[in-house]
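K.L.:
Following this message is one structure expressed as structure tokens.
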Amino acid sequence: MRMTMVGTGYVGLVTGVCFSNTGNDVVCLDVDPAKVDKLKAGECPIYEPGLTEVMRRNMAAGRLTFTLDKAQAYRDAELIFICVGTPTGEDGSSDLRYVMAAADDIAEVLKTLGPDQDPKIVVVKSTVPVGTTAAVRDRIRERAGAEIPFSVADNPEFLKEGDALNDFNKPDRVVVGVEDERTAEVFRRIYEPFVRNGHPVFIMDIASSEMVKYASNNFLATKISFINEMANLCEKLGADIDEVRRGMCSDKRIGGQFLYPGLGYGGSCFPKDTLACIQMGRETELPTPVSSAVHEVNQQQRVRFFEKIARHFDAHGGLAGKRIAFWGLAFKPRTDDIREAPALTLVRKCLEAGASCVGYDSVASRNARAEIGDALALADDMYEAAEEADAVVISTDWDEFKSPNFRRLAEGLNHMVVFDGRNLYHPEQMRELGFTYYSVGRAPVIV
């Protein structure tokens, strides 16, 4: 089928590449000339393992193209996927200006094609509050004219940064909200190559489809905040969260996914979607105390961890003048995304306390520097970052941090102090090596 992706961000580009890889003709539309030029040259603007190779292969086959031409992109498409950003406002609401701007552009093109055109399907792929897809439908109908045939659908994405190709190609489920059977059949057909593993394509009403994404991410965020709250209790009571987690997660009703203590969640989805649920509750005058608590626990988790750093240095003249090394700047491994990254919160707090900060991340360093500025020094490798530092803070659990050369690390540090926000190491091991070691939900090792 002929498809157009509106927006070449994370969702639009991954979706477009994967659909082109199953034989569809895909046009990716963007308003940024520099970005489109880069894509046309085969350069991927985001870090996602494997994406560049698949993108280039389908470009070479002629199935994947990039354009600034809205009229051409909309005129020839059978399906138009709106994949633009929906940033969070200060009150937690989703900013829908880009979604509605896309709807206006689509309406203008549909209007020029007239009432005899084959009906296109306009798909909202962006994560949007319940009722948005219906608002897009009404807006297009108002501007294009009631006689213009088209249908709408909602098709939320469930892509993990760092594993997006696998998530799209082998989804746990596909969720689609539709208003008619013709549209439902089109979605069954285009997703059939991706669900030969037997996983379901759920066809439902549009409002329910929109809510599935929020409910899913909010629940996963809840699990993260819950285990962090338990970890904090363990620290107060002298228990070990690793042992507690093992005993708890062996219960088949609970399982172990997303129940890892640490610095809390970040990125573009969990924070935004939890806040959106809270805001939807406000708008409907329905309190959402669980979601509100999930968000509050998450924000406080990184503050609590900074307080560990500050308390340690209070006994050593304070943080002012100290050099703190950060291993990891992205919000999670296998991505260059630094949105809502706990590392950046900790860096800012250390800088505000008068410390100097140096960071290392194999892919996110440039983005972190753009966010923090020159106050954050960057190192070319993890050991260089630790040179003459007074402590190392592990803020992202990249694989390369899991089994470091501790002797080399110790030789470079001014003081053998590690603040492990991801619980990568065993306390007894760190004690034997002579490190002062702080982690999450476990007793500190003071040497």
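Every read-out reported here was derived from the displayed coordinates using simple, explicitly stated rules and does not represent laboratory data. Keep in mind that what you see is a predicted model, and the values were worked out from it rather than measured. So basically every Cβ, Gly included, is an ideal-geometry build from the backbone, and we count neighbours across all protein chains shown.
K.L.:
Grab the beta carbon distance between THR22 and GLU307, set R0 = 51 Å, and tell me the FRET efficiency rounded to 0.05.
P.N.:
Between THR22 and GLU307 the formula returns 0.50.
K.L.:
Right, another one. Apply 1/(1 + (r/R0)^6) to the Cβ-Cβ distance of PHE219 and ASN405, taking R0 = 25 Å, and write down the FRET efficiency to the nearest 0.05.
P.N.:
The computed FRET efficiency comes out at 0.05.
K.L.:
Quick one: if you stick a label point 7 Å off each Cα along the C-beta vector at HIS199 and ARG246, how many nm between them?
P.N.:
3.1 nm
K.L.:
Further, regarding this structure: Could I have the simple spin-label model distance between GLN299 and ALA34, label points 7 Å from Cα toward Cβ, reported in nm to one decimal?
P.N.:
Label-label distance for GLN299 and ALA34, simple model: 3.3 nm.
K.L.:
Based on the mean of other beta carbon atoms within 10 Å per residue, what is the order of 241-252, 182-193, 114-125, most packed first?
P.N.:
114-125, 182-193, 241-252
K.L.:
Further, regarding this structure: Work through the residues other than CYS44 whose Cβ is under 15 Å from its Cβ and net out their charges, Lys, Arg +1 and Asp, Glu -1.
P.N.:
-2
K.L.:
For ASP380 and ASP314, calculate 0.36 nm times their separation in residues minus their Cα-Cα distance, and state this gained length in nm to one decimal.
P.N.:
Gain on stretching ASP380 to ASP314: 20.8 nm.
K.L.:
Angle, helix 181-191 long axis vs. longest principal axis of the chain, Cα atoms, 0 to 90°, nearest 10?
P.N.:
Result, in degrees: 50.
K.L.:
Can you work out ³J(HN,Hα) from phi for every residue in segment 338-350, in order, using Karplus 6.51 cos²θ - 1.76 cosθ + 1.60 and θ = phi - 60°, giving whole Hz and x for Gly and Pro?
P.N.:
10, 5, 6, 5, x, 4, 5, 4, 5, 4, 4, 5, 5
K.L.:
What does the helix-only formula give at 222 nm for the chain: each DSSP H stretch with n ≥ 4 adding -39500 (n - 2.57), the total divided by the residues, and the result rounded to the nearest 500 deg cm²/dmol?
P.N.:
About -14000 deg cm²/dmol.
K.L.:
Could you state the principal axis extents of the C-alpha atoms in segment 236-447, from the largest down, to the nearest angstrom?
P.N.:
Over segment 236-447, Cα extents along the principal axes are 57, 41, 33 Å.
K.L.:
While we're on this one: If you rank HIS415, HIS312 by fewest surrounding Cβ atoms within 10 Å, what's the result?
P.N.:
If I rank by nearby Cβ atoms, fewest first, I get HIS415, HIS312.
K.L.:
About its Cα centre, how strong a charge dipole does the chain have in debye, to the nearest 20, once Lys and Arg get +1 and Asp and Glu get -1 at the Cβ?
P.N.:
For the chain, the charge dipole is close to 560 debye.
K.L.:
Output the 0 to 90 degree angle, nearest 10, between the alpha-carbon long axis of helix 51-60 and the longest principal axis computed from the alpha carbons of the chain.
P.N.:
The angle comes out at about 30 degrees.
K.L.:
Would you please classify the overall shape of the chain from the alpha carbon gyration tensor, given that a ≥ b ≥ c denote the square roots of the eigenvalues, rounded means a/c under 1.5, and beyond that prolate means a/b larger than b/c while oblate covers the rest?
P.N.:
prolate
K.L.:
When we measure straight from the Cα of LYS38, which lysines land under 27 angstrom away, once same-chain ones fewer than 8 places off are left out?
P.N.:
Leaving aside lysines fewer than 8 places away in the same chain, those within reach of LYS38 are LYS70, LYS125, LYS160, LYS332.
K.L.:
A follow-up question, please. Contour minus end-to-end for GLU43 and ALA60, with contour as 0.36 nm per residue of separation and end-to-end as the Cα-Cα distance?
P.N.:
Full extension from GLU43 to ALA60 adds 4.8 nm.
K.L.:
How many times 2.2 N^0.38 Å is the alpha carbon radius of gyration of segment 2-206?
P.N.:
For segment 2-206, the normalised Cα radius of gyration comes out at 0.97.
K.L.:
Take the chain, connect every pair of alpha-carbon atoms lying under 10 Å apart with a spring to form a Gaussian network, then pick out the residue of GLY266, GLY421, GLY145 with the largest mean-square fluctuation.
P.N.:
Per the Cα network of the chain with a 10 Å cutoff, GLY145 tops the list.
K.L.:
What residue among ASN58, ASN155, ASN414 shows peak mean-square fluctuation when the chain is described by a Gaussian network model with Cα springs under 10 Å?
P.N.:
ASN414
K.L.:
What do you get for the angle between helix 206-237 and the principal long axis of the chain? Use alpha-carbon atoms, 0 to 90 degrees, nearest ten.
P.N.:
0 degrees
K.L.:
Could you give each residue of segment 251-260 its phi-based ³J(HN,Hα) in whole Hz, using Karplus coefficients 6.51, -1.76, 1.60 with θ = phi - 60°, and x for Gly or Pro?
P.N.:
Each residue's phi maps through the Karplus curve to give 5, 4, 6, 9, x, x, 5, 6, 10, 10 Hz.
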